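This report refers to the structure that appears directly beneath it.
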Amino acid sequence: MVVGASGDDGEDRSTAALARGLRDAGMEVVHAGRSSLEQLADTVVQEDADAVCLPALPADAAEVLDRLATLLAERGVDDVVVFACGADAELPGGTRLSPSGTAPAEVAGWLRGQLIGEPPWSPRP
């Protein structure tokens with residue numbers, strides 16, 4: 001999966017923490033750092049990622065995630081799980097929002113369920 005940030009230093013810290021937590025939960029994570037949405041979409045394509053996450057979002061979260069999904073579709077990618085943490089918003093289809101403070105293991109469990117149908121409560125060997 002690809003984790004990226006597009007905002008301030010606080011978002012960078014959230015990105016690094018989520019990337020570490022997902023890695024510790026057994027996921028392969030590419031930390032894209034601070035990137036534009038276009039760069040993030042390109043990284044998803046280059047890495048052949050199954051998911052992409054923005055750990056913290058501004059008030060316009062729905063627009064940001066919708067734009068990222070559109071950029072992925074323009075690149076021929078329609079099977080990537082798009083999700084985010086840290087805001088409350090109505091989101092476009094195919095996206096997920098986890099509240100701030102959600103444990104990375106919980107995010108990883110939900111993501112496994114999306115990708116391989118594993119129930120989110122299943123332990124990972």
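The values are calculated or read from the model by the stated rules, or taken from the named source; none is laboratory data. This structure is a prediction, so every number in the text was calculated from the model and none was measured. Because the Cβ atoms are built from the backbone with ideal geometry, glycine has one as well, and the counts that use them run over all protein chains shown.
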**Request:** Would you mind stating whether Leu40 is modelled with pLDDT of 90 or more and under 21 Å from Ala17 (Cβ atoms)?
**Result:** yes
**Unmet requirement for Leu97, which otherwise passes all of (1) at pLDDT below 80; (2) not in a strand (DSSP E or B)** = (2)
**Fill in**
Picking from Pro120, Pro58, the residue that is farther than 13 Å from Ala5 by Cα and either modelled with pLDDT under 65 or in a helix (DSSP H, G or I) (or both) would be Pro120
**Prompt:** Looking only at the range 5-37, which residues are in contact with a helix residue (DSSP H, G or I) (Cβ under 6 Å, 6 or more places away or on another chain), at pLDDT 85 or above and closer than 17 Å to Leu71 by Cα?
**Reply:** Ala32, Leu37
**Request:** Of the conditions (1) at pLDDT 75 or above; (2) crowded, with 17+ Cβ neighbours inside 10 Å; (3) within 13 Å of the chain's Cα centre (by Cα); (4) of a type in the set (A, V, I, L, M, F, W, C), Leu71 clears all except one; give me its number.
**Result:** (3)
